[in-house]
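Reading through the structure tokens given below for one structure.
The values are calculated or read from the model by the stated rules, or taken from the named source; none is laboratory data. Computed from a predicted model, the values in this text were never measured in an experiment. Counting neighbours? That spans all protein chains shown, and the Cβs are built from the backbone with ideal geometry, glycine included. Just so you know, the surface numbers come from the protein's heavy atoms only, side chains and all, with ligands and any DNA or RNA stripped out. Shrake-Rupley method; radii C 1.70, N 1.55, O 1.52, S 1.80 Å.
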Amino acid sequence: MNNLIRKPQISSEQRNHKYGYYGFTQNPFPFDPSVIPGSDDKRNNGTLFYEGMREQEMNDFKEKLVKSPNRIGILMDYAAYKGRGIGKTALLNHVKTIINSDLGLRISDGQEVLYSIYLSPNSSDGNNRSMSRMAHSLFDAMINERMLFIAFCRLRAFSGGISDDLLTEISEDDYESSIADDKWLTEHGADLPRINNYLVEKLYSIGFLEGSPSYRLSFGYKDFLNAISSFHSEMEWSKKGLQLIFNKLVLLFKEAAFSNCIILLDEVEKIVQYQNFSERRAFCDDLRFYFIDGNTENSAEGFFKILITIHPNSQELLMPHWMAAGLERFCELGGSGAKESTIFFKPMKDDINLIKDFVKIYLDNSRSNKSDSVEPFTDDALLLALRKSDNIAGKFLKMLYFAVENGIANQWKTIGTDKIEELTRDVIKKTDDGKSGDTPLDRTITEL
């Protein structure tokens, strides 16, 4: 057979057929329990999230950042020394989804218009060490996560060229085919020249366009983006990027009647641990300048807020520079005052009802027929599996993944504590020198 044109002989449906043994369409749990934004698989994209497990953290986010004058907040990962996979990235993506789905209506109790941008350094190759680089990533995220598109649509809505009756007809699920579509607006009696020239005048007044405002027959979203930024190199971003983000865009978003944008900066250790002494000092100085009291529109307005995920090792590296920059006055990294601006993220609780509700979300996503049970698991098995996983969500989900795989392979009707003990025997065993065993299961679970 010619391997150049050979195709798979088994479909994904056939591959997952074995899971019918438990009434599943697939393994309910992720093989790689990490959040992959944009993935179509609900097990990995952060969609499957149980708020009850993180009720305290959600409330802290609301009180310490959304409703607070705090400009900088800290998400402290208390499980960093036990391993990765505690669930902080899932929380951040869930918060972002909640905020952006209704522009902060729910989380602000209807008081604010908010947007949230999630940022995570793409790699540890040393290219993420400066504030200007972060500004570039932030701008790209504003495009990819539609913040600039929503701002464009809101400015059109405020232009006075669309009647109130027509505005009520516009579906929030499809701006592309309505308020962002010149043809649709014209067909529905909107005053397109007035709309376009309203946007042009706003961009001129902020400084995105030079000279004097000129009449535009057409000014769509692409024109809007081109007017905002024409930077083509990192050199241009290093010179002009911070001015764009923390001055001009703040003015633009305020014109679009946004209250705040909350930046969720994850995995800050990928920035900090590759910085040298002077870069860490500059990073902290820039945080204060652009977010607290520098000569910028953002410092004056407090439009951008930032939540920084900190691990204990990153905290130690940043602490002297944080204090030298005077950031302790506004957001303490440790000590008695830290509670005012810090969300303490801890391992999962040994609460069987919370654990069952958490697991059911994954089970129901993959069941052929919905059920209120946690079968094939027993309650005690789930509690034991969580404890064997150090109460770390990622390890717990990984263990349940292997429990399902082994249960089908060995035809376990029920997965009880005896099966969890059997499954983890090699994982928890210690070699003579006190180190973890090196079985495949050990590597896949304990090294998460």
| note | Honestly the range 251-355 on the Cα gyration tensor test (a ≥ b ≥ c root eigenvalues; a/c under 1.5 rounded, otherwise a/b vs b/c for prolate or oblate) is just oblate
| request: Send over the per residue convex hull volume for the range 86-163, Cα only, as a whole number of Å³. | output: 122
| Going through the range 148-213, which GluC sites (Glu not before Pro) have at most 10 other Cβ atoms within 10 Å and a DSSP loop state? | Glu210
| Straight-line reach from Lys18: which aspartates and glutamates have a Cα under 15 Å away, not including same-chain ones fewer than 8 places off? | Glu405
| task | Per residue, how big is the convex hull around the C-alpha atoms of the range 362-428? Give it to me in cubic angstrom, could you? | result | 87
| said: With an 8 Å Cα cut-off and a minimum separation of 6 or more residues, compute the relative contact order for the chain in percent. | reply: 25
| message | Spelling out what I want: for every residue of the range 189-199, take phi, set θ = phi - 60°, compute 6.51 cos²θ - 1.76 cosθ + 1.60 (Karplus), and round to whole Hz; glycine and proline get x. | response | x, 6, 8, 4, x, 5, 4, 5, 6, 4, 5
| said: Run the numbers for Arg387 and Glu187: contour at 0.36 nm per residue of separation, minus the present Cα-Cα distance, in nm. | reply: 65.8 nm
| task | Would you tell me the accessible area of Asp174, worked out with a 1.4 angstrom probe on the heavy atoms of the protein chains, in Å² to the nearest 10? | result | 60
| aspartates and glutamates near Lys239 by alpha-carbon distance under 20 Å, same-chain residues fewer than 8 away left out - which ones? | Asp140, Glu210, Glu279, Asp285, Asp286, Glu297
| field | Structure-based [θ]222 nm, the chain - -39500 (n - 2.57) summed over DSSP H runs of at least 4, per residue, nearest 500 | value | -13000 deg cm²/dmol
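Would you kindly state how much longer the chain becomes between Glu55 and Asp380 on full extension, computed as 0.36 nm times their sequence separation minus their alpha carbon distance, in nm to one decimal?
Extra length from Glu55 to Asp380 when fully extended: 114.6 nm.
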| query | Lysine pairs in the range 248-388 8 or more apart or on different chains: how many have alpha carbons under 19 angstrom apart? | reply | 10
| field | Within the range 172-238, trypsin sites (Lys or Arg not before Pro) in DSSP loop having at most 16 other beta-carbon neighbours inside 10 Å | value | Arg216
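Using a 1.4 Å probe over the heavy atoms of the protein chains, calculate the carbon and sulfur portion of the accessible area of the chain as a whole percent.
Result for the chain: 47 percent of the exposed heavy-atom area is carbon or sulfur.
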| remark: Under 5 Å from the placed amide H of Phe304, counting only residues 5+ away or on other chains, we find Cys261
| task | Please give the solvent-accessible surface of Asp102 in Å², to the nearest 10, using a probe radius of 1.4 Å with every protein chain present. | result | 50
| field | Hypothetical label at Asn226: residues of the range 180-204 whose amide nitrogen lies under 17 Å (7 Å Cα-Cβ projection) | value | 182, 196-197, 199-201, 203-204
| query | So, counting K/R as plus one and D/E as minus one, what does the shell of residues with Cβ under 15 Å around Glu55 add up to? | reply | 0
| remark: Per DSSP loop assignment and a cutoff of at most 11 other beta carbons within 10 Å, the chain keeps its longest run without exposed chymotrypsin sites (Phe, Trp or Tyr not before Pro) at 216-448
| request: Would you check the accessible area of Leu209, probe 1.4 Å, heavy atoms only, in square angstrom rounded to 10? | output: 30
